[in-house]
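The values are calculated or read from the model by the stated rules, or taken from the named source; none is laboratory data. Remember, it's a predicted structure, so these values are computed and weren't measured experimentally. Methodologically, a virtual Cβ is constructed for each residue, glycine included, from the backbone with ideal geometry; neighbour enumeration extends over all protein chains shown. Note: accessible area is taken over every heavy atom of the protein model, side chains too, but ligands, DNA and RNA are not part of it. Shrake-Rupley method; radii C 1.70, N 1.55, O 1.52, S 1.80 Å.
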Amino acid sequence: FNSKAFGDDFHWGVAIAAQQNEGAWNVDGRGQSIWDVFARRRGKIKGSAKPSDACGFYYRYKDDLLLAKALGFKAFRFSFSWSRILPDGTGKVNKQGIAFYHKLIEECLKLGMVPFVTLYHWDLPQALEKEGGWANHNIVKWFAAYAKICAEEYGSTVKNWLIMNEPAGFTSLGYMLGKHAPGKTGLNNFLPAIHHAVMATAEGGRMVRQHVHNAH
């Protein structure tokens, strides 16, 4: 068992998620996500841990990328924080958030690491959750608009895109069982949430194919 068995076109890499790693939850214009709010509810996170600081990747991304490179990895997967790019989920774009991901992508390329991006890794803007979140049909167009912004901004340097991370996970755990953010329960929340997540995945894919040349 060795790397050669996977072929020359296999990407060996590491992966992170914005909410789990970035920290800096309330700096440089970022809005709140559902996990920022959910984590403050007593008993929801073991040990009362909160993602507000996380691993400090927002400040330490250069060092963390160097560690990944030193380990021999040549691909780096990360997710965009919807709340950092669009603090209210829709509307005005946060230029500081946009700039952060440009710097992160540039650093990956500088180190010879292929960037893989995930558009959504469970951290819905809290402003959209107040409108019903994934249970609101409007989220399909909200997500499509967000995906278009990301594709247009980063499509010239990023060619490998993942639309959503485990939609069955965040809808069942967050909208039926209440174990994850936003903590809703019942089929009346879950069924529309999973339906809209599937539709939004399709719309996100269309935005990437439309605005990113040679996207994968």
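All of 129, 166 fail the test of being farther than 30 Å from residue 113 by Cβ and acidic (Asp, Glu), apart from 129.
Tell me, yes or no, whether the stretch 37-52 has at least one residue that is open to solvent by 10 Å² or more (accessible area, probe 1.4 Å), at pLDDT 95 or above and of a type outside the set (A, V, I, L, M, F, W, C).
Taking the stretch 37-52 and keeping what is open to solvent by 10 Å² or more (accessible area, probe 1.4 Å), we get 37, 40-52.
From the residues that got through so far, the ones that are at pLDDT 95 or above too are 37.
Still in the running and of a type outside the set (A, V, I, L, M, F, W, C): none.
Checked the stretch 37-52: no residue is open to solvent by 10 Å² or more (accessible area, probe 1.4 Å), at pLDDT 95 or above and of a type outside the set (A, V, I, L, M, F, W, C).
The set of residues from the stretch 129-149 being in contact with a Leu (Cβ under 9 Å, 6 or more places away or on another chain) and either without any contact (Cβ under 8 Å) to a residue 12 or more places away in the chain or closer than 14 Å to residue 87 by Cα (or both) comprises 138, 142, 143, 145, 146, 149. Looking across the stretch 10-34 at every residue that is closer than 15 Å to residue 100 by Cα and aliphatic (A, V, I, L, M), the one that is farthest from the chain's Cα centre (by Cα) is identified as 27. Here residue 107 does not fit the description of being in contact (Cβ under 8 Å) with a residue 40 or more places away in the chain, outside any loop (DSSP other than H, G, I, E, B), touching a His at 6+ places or on another chain (Cβ under 6 Å) and open to solvent by 10 Å² or more (accessible area, probe 1.4 Å). With respect to (1) among the aromatic types (Phe, Trp, Tyr); (2) assigned to a helix (DSSP H, G or I); (3) touching a residue at least 60 places away in the same chain (Cβ under 8 Å), the lone exception for residue 190 is condition (3). When the residues of the stretch 54-97 are filtered to those that are of a type in the set (Lys, Arg) and buried (at least 18 other Cβ atoms within 10 Å of the Cβ), the one that is nearest to residue 109 (Cα to Cα) is 77. Of all the numbered requirements in (1) open to solvent by 50 Å² or more (accessible area, probe 1.4 Å); (2) part of a helix (DSSP H, G or I); (3) farther than 19 Å from residue 208 by Cβ, residue 102 misses one, and that requirement is (3). With a requirement of 3 or more residues that are closer than 20 Å to residue 17 by Cα, among the aromatic types (Phe, Trp, Tyr) and modelled with pLDDT of 95 or more, the helices (runs of 4 or more DSSP H) lying completely within the stretch 113-187 that satisfy it span 139-154. Just to be sure, is residue 107 among the acidic types (Asp, Glu), at pLDDT 95 or above and under 13 Å from the mean Cα position of the chain (by Cα)? No, not satisfied.
For the stretch 73-103, a tally of residues being closer than 30 Å to residue 8 by Cβ and either at pLDDT below 95 or in contact with a strand residue (DSSP E or B) (Cβ under 9 Å, 6 or more places away or on another chain) (or both) returns 9.
Residues of the stretch 164-180 being of a type in the set (A, V, I, L, M, F, W, C) and either open to solvent by less than 30 Å² (accessible area, probe 1.4 Å) or farther than 18 Å from residue 123 by Cα (or both), which ones? Listed by number, the residues that qualify are 164, 170.
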